[in-house]
Each structure stands twice: as structure tokens, then as C-alpha cells.
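Chemist: Here it is, the structure in full.
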Amino acid sequence: MLHDSAFDPDELSVMISELLVATADGCDPSIDNSVTEVLRTLRERLKMDVVFVSEFIDGRRVFRFVDGDNPPMGPGDGNPLEESWCKQVVDGRMPQLVHDASAIAKDIGLPHTDIAVGAHLSTPIVLPDGRVYGTLCCYSAAANPALRKRDLDNLRNCAVLVARKLTAAWKANLPGAAVDGSLEPISAERWKLK
């Protein structure tokens, strides 16, 4: 069974929905911490190894938030955007829900990665002005045929939460300034979506 029986998958959907409503009007520190917890809970309930938020900046994919057990990347790490699966997803060249990446890698021309990826969920993080900030992704080394559309819908809703969090943080730190869609690489201690 994919989901822990002690935690109904609909309960996660309700948690995400409540945060979407709560973040619509503003930013409260307890809500911000809840976004981090939702991302962690999503990763754990889907049996994924890593969840991350990436930013597309200056032709690179830069990791801004990473959660997992011994992830191979950390906040501030990055690589050329064209070499990332994130770019493939945003451009529509790779599905947002992949049960087994090894089964489709050659067929759709995925860039080589040194990280073992089986199951992969990824969706763009779209800012209120329509620009793509980056992606919200989670993956596991093993394939997972049990992933379904509801899992992707939950990831998409989490991406909306992240976009709202980013926008609120920029507005709080840049009074009167326009949101420009960029952040400097920062440490794991400072960047926890809180």
C-alpha cells in the first residue's frame, strides 16, 4: 500500500487546502512552518526519497529547499538548467508524473543524471505575475507504479503554497519593491520555507 493507513491521503489534501485558504491573504510564521511540514509530509506519504524547490536563475537550476534522508544536493547547489529534468518538465518534454524514469529516459531524451531516479513528480512553481520561478519536485530511487493523479494534484497545490510563500517573503523584505523572481543562494539554516 502506498500511503500509511494511519494517515488518510485525503487528510493531506485537506491540510493543503486549508493552507491554500490561509495563505491567500497574508503570511503568518505558523503558516510558513506548516508549508515546510506539508512538503515533508508529502514526501514521506508518497514514499519519496527527496523533495526540493528549485529556482531557475541565470541559466541555472539552483536548489532552494531540500528535504530527505541524506539528499545528494543541498540548498545553494545547482547545475545548468538545460541539463535538468526540471527544465524538461516546464517545457512539456517530460511528464509531471513518472512512475519509472528509467523506462522513459531514452525515449524522451532525458539528460543524464548521476542520481538514481525511479519515480519522479515535478511541477512548475508559477508566480502571481505568471512567471515560472522554478519547480517543486520529489523523487525516489525506486520506481513506484502506485503514484496517481491525486498525488500530482497535491504536489501542484504545494507549488501554489510555495509561490505564495516566496511572494510574501519578497514583499516583507522589499517594501515597495516589485517581486523580481530571484533569491540569492542561502544556507539550509536560513532557507526552510518558514
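Chemist: I need a count of the residues in the stretch 88-132 that are assigned to a loop (DSSP other than H, G, I, E, B) and on the phi < 0 side of the Ramachandran plot. Spell out how you get there, then give the answer.
Modeler: Filtering the stretch 88-132 down to residues assigned to a loop (DSSP other than H, G, I, E, B) leaves 91-96, 99-100, 109-119, 127-131.
With on the phi < 0 side of the Ramachandran plot added as a condition, the list becomes 91, 93-96, 99-100, 110-119, 127-129, 131.
Of the residues in the stretch 88-132, 21 are assigned to a loop (DSSP other than H, G, I, E, B) and on the phi < 0 side of the Ramachandran plot.
Chemist: Considering only the stretch 77-87, how many residues are touching a Ser or Thr at 6+ places or on another chain (Cβ under 7 Å) and either of a type in the set (Lys, Arg) or part of a loop (DSSP other than H, G, I, E, B) (or both)?
Modeler: Total satisfying the criteria: 0.
Chemist: Now for a different question. Would you mind finding the one in Gly59, Gly68, Gly76 that is touching a residue at least 60 places away in the same chain (Cβ under 8 Å), in contact with a strand residue (DSSP E or B) (Cβ under 8 Å, 6 or more places away or on another chain) and small (Gly, Ala, Ser)?
Modeler: Gly76
Chemist: Let me ask something else about it. Mind checking which residues of the stretch 140-163 are in contact with a Ser or Thr (Cβ under 9 Å, 6 or more places away or on another chain) and closer than 12 Å to Thr123 by Cα?
Modeler: Within the stretch 140-163, the first condition is being in contact with a Ser or Thr (Cβ under 9 Å, 6 or more places away or on another chain), and the residues that meet it are 143, 150, 152-161.
Listed by number, the residues that qualify are Leu152, Asp153, Asn154, Leu155, Arg156, Asn157, Cys158, Ala159, Val160.
Chemist: Further question on the same structure: Scan the stretch 43-74 residue by residue and report those that are in a strand (DSSP E or B) and touching a helix residue (DSSP H, G or I) at 6+ places or on another chain (Cβ under 8 Å).
Modeler: Hits for the stretch 43-74 are Val50, Val51, Val53, Ser54, Phe56, Arg60, Arg61, Phe65, Asp67, Gly68.
Chemist: What tally of residues in the stretch 91-111 results from selecting those that are free of Cβ contacts under 8 Å to residues at least 12 places away in the same chain, surrounded by fewer than 17 Cβ atoms within 10 Å (Cβ to Cβ) and of a type outside the set (Lys, Arg)?
Modeler: Here the count works out to 5.
Where a number appears in this text, it was derived from the coordinates with a stated rule and is not lab data. These figures come from a predicted structure and were not determined experimentally. Glycine gets a Cβ as well: all are built from the backbone with ideal geometry, and neighbour counts include every protein chain shown.
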